[in-house]
Amino acid sequence: MSPRAKLILLLLCAAQFIVALDFSILNVALPVLGRDLGMGQADLQWAVTAFALPSGGFLLLFGRIADLFGRRKLFLTGLVLFTAASVLAALAWDPASFLAGRVLQGLGAAVLVPTGMSLLTTTFAEGPQRERALGISGTLLSMGFTIGMVLGGVMTDALGWRSTMGLLAVAGVAVLLPAPALLTESRHPQRPRIDVPGAVAVTGGLLSVIYALSTAAEQGFGRADVLATLVAGVVLLVAFVIVEARAAQPLVSLPMLRRRTVAWGNLAGLVTFSMMTAVVFLLTLYLQEVLGLSAAQTGLVFGVQGVVAVIAGVVAPNVIRRIGARRTLLIGLVIQAGFTATLLGLGTGSGVWLTLIGSIPACFGHMWAIVAYGVIATSGVPDEEQGLATGLITSSQQVGITIGIPLLSAVASARIAGLRSEGAGFADATLGGIKLGLGLDAALVAVVALLVTAGLRTPPPSRSAPARTAP
């Protein structure tokens with residue numbers, strides 16, 4: 001890569017890293033934040049959900065808008081919005097102002113992520129350069145989630161919860177200053193109309209599903225509003241598919257979704273992200289609630305995972321060049337599933353070493369899967385549709401990060417409540433819920449590994465009449 005290309009890659013990856021950081025940096029700060037702003041325990045979930053809803057719900061829409069009206073322009077707009085919203089959240093004086101800042105952060109992230117990824121894939125040509133760029137981007141995205149949990153605890157203890165939002169604002173400014181000089185404008189060669197019905201259906205569907213899963217993590221699936229929004233979300237997503245099949249200028253090209261590489265690659269990305277972030281959450285709960293480790297000690301455990309993620313992301317492009325992206329994806333998913341399953345041996349005694357032995361290889365396989373699925377899902381897509389392709393990729397990533405934790409948290413919470421009602425102690429009940437979540441996690445990754453392997457299998461050559469031999 002040229003020096004300028006390296007700077008562009010650093011800039012785009014830094015933006016992805018900041019967004020990933022925002023997903024987790026507040027998790028351990030919520031109790032302190034709630035006391036400071038006067039938010040009740042039941043309302044604390046909105047500190048996370050207010051960001052997750054718009055960041056996951058509007059990704060496809062903004063990815064398409066960037067294709068049509070300019071990726072650089074949208075990227076800079078999203079960066080300004082995200083930075084300003086971080087300042088508002090840091091200076092919040094009551095719950096309403098804080099949640100407004102979080103919603104605007106989510107909107108900024110929904111603009112930043114697909115535009116940043118499409119700028120990356122159009123800047124770096126398909127092949128080794130793009131594989132390397134996607135490897136670095138995926139590594140930093142996964143690291144951002146893990147490091148956010150570590151930084152959140154340390155900064156909250158030392159400087160207060162507002163410092164976590166202040167860090168995001170400072171980081172946003174640091175990325176914004178060089179961006180106009182480094183990035184060049186790119187857009188679709190034509191300007192078709194925005195598919196408004198499709199945009200309404202997919203955005204409403206994603207918002208409803210994310211809200212239902214986020215609320216179920218705290219309140220369970222039995223609530224009427226959870227069930228109603230979940231059903232509404234599924235209906236809207238089905239309606240979206242019907243609308244796109246009939247639209248003259250669809251938001252999402254169904255022929256693209258029919259490509260095996262795009263469809264199966266994004267399914268793999270959704271699952272590997274959702275299940276690995278859920279592993280990190282469940283292990284955080286285990287280390288602190290069952291083993292009684294401090295936030296700093298827990299941070300050291302996940303710090304090791306961060307180092308492993310860097311190594312795996314650097315190695316993955318070389319592995320892909322040697323054995324191919326499809327095999328790398330399969331191996332990564334199998335490693336992630338297998339070593340997540342070893343965590344079922346955790347106990348109420350000393351389980352730190354088993355945590356490391358199981359989670360570190362699982363993280364390594366996860367990073368291989370991330371890089372490989374990004375390569376698979378963007379291969380063969382023309383430049384004018386890269387915003388759409390990367391919008392699908394980033395939707396898989398962000399929706400995965402959004403739904404994995406609430407989904408398995410709801411499963412674990414239900415199991416914990418059941419064991420407590422049967423008379424189990426706090427530690428035993430908590431461990432039982434965590435193990436159920438980890439078991440489901442490993443099983444889902446294993447099943448998807450099998451499905452993706454079958455879906456991406458190279459079809460046999462079609463039979464045709466034998467070629468005639470020239471006389």
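The values are calculated or read from the model by the stated rules, or taken from the named source; none is laboratory data. Every value quoted in this text rests on a predicted model; they were computed, and no experiment measured them. All Cβ positions, even for glycine, are placed from backbone atoms using ideal geometry, and neighbour counts span all protein chains on display. Note: areas computed on protein heavy atoms with side chains; ligands, DNA, RNA excluded. Shrake-Rupley method; radii C 1.70, N 1.55, O 1.52, S 1.80 Å.
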Does segment 1-22 hold any residues that are open to solvent by 20 Å² or more (accessible area, probe 1.4 Å) and under 13 Å from the mean Cα position of the chain (by Cα), and which are they? Phe17
Taking segment 147-176 as the region of interest, how many residues are more than 16 Å from Ser86 (Cα to Cα) and without any contact (Cβ under 8 Å) to a residue 24 or more places away in the chain? 2
Is segment 393-401 home to any residue that is at pLDDT 85 or above and crowded, with 20+ Cβ neighbours inside 10 Å? no
Consider only pairs whose beta carbons are under 6 Å apart and that are at least six residues apart or on different chains; among these, list those whose first residue lies in segment 221-250 and is under 19 Å from Val196 (Cα atoms) and whose second residue is assigned to a helix (DSSP H, G or I) and open to solvent by 60 Å² or more (accessible area, probe 1.4 Å). Val243/Pro197
Every residue in segment 419-442 that is in contact with a helix residue (DSSP H, G or I) (Cβ under 8 Å, 6 or more places away or on another chain), part of a helix (DSSP H, G or I) and small (Gly, Ala, Ser), please. Ala427, Ala429, Gly432, Gly433, Gly437, Gly439, Ala442
In segment 57-88, what count of residues is obtained for those that are at pLDDT 90 or above, farther than 14 Å from Leu119 by Cβ and either among the hydrophobic types (A, V, I, L, M, F, W, C) or over 24 Å from the mean Cα position of the chain (by Cα) (or both)? 7
Against the conditions (1) surrounded by 20 or more Cβ atoms within 10 Å (Cβ to Cβ); (2) in contact with a helix residue (DSSP H, G or I) (Cβ under 6 Å, 6 or more places away or on another chain), where does Thr348 fall short? Just the number, please. (1)
Name the residue that is modelled with the highest pLDDT, counting only residues in segment 202-218 that are open to solvent by 10 Å² or more (accessible area, probe 1.4 Å) and of a type in the set (A, V, I, L, M). Val209
Tell me, which residue of segment 124-183 that is modelled with pLDDT under 75 and hydroxyl-bearing (Ser, Thr, Tyr) is nearest to Ser2 (Cα to Cα)? Ser137
Of the residues in segment 34-48, those that are surrounded by 14 or more Cβ atoms within 10 Å (Cβ to Cβ) and either modelled with pLDDT of 80 or more or not in a helix (DSSP H, G or I) (or both) come to Asp36, Leu37, Met39, Leu44
Based on this model, can you work out whether Val371 counts as open to solvent by less than 50 Å² (accessible area, probe 1.4 Å), within 24 Å of the chain's Cα centre (by Cα), at pLDDT below 85 and closer than 22 Å to Ala442 by Cα? yes
Which residues, counting only those in segment 412-443, are open to solvent by less than 70 Å² (accessible area, probe 1.4 Å), modelled with pLDDT of 85 or more and within 30 Å of Leu329 (Cβ to Cβ)? Ile434, Lys435, Gly437, Leu438, Gly439, Leu440, Asp441, Ala442, Ala443
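Does Ser409 meet the test of being buried (at least 24 other Cβ atoms within 10 Å of the Cβ) and either under 24 Å from Gly324 (Cα atoms) or at pLDDT 75 or above (or both)? It would help to see each step written out before you state the result.
Values: buried (at least 24 other Cβ atoms within 10 Å of the Cβ): no; either under 24 Å from Gly324 (Cα atoms) or at pLDDT 75 or above (or both): yes.
Criteria not met by Ser409.
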Residues that are within 21 Å of the chain's Cα centre (by Cα), at least 3 per element: which helices (runs of 4 or more DSSP H) completely within segment 233-351 meet that? 260-285, 295-323, 325-342
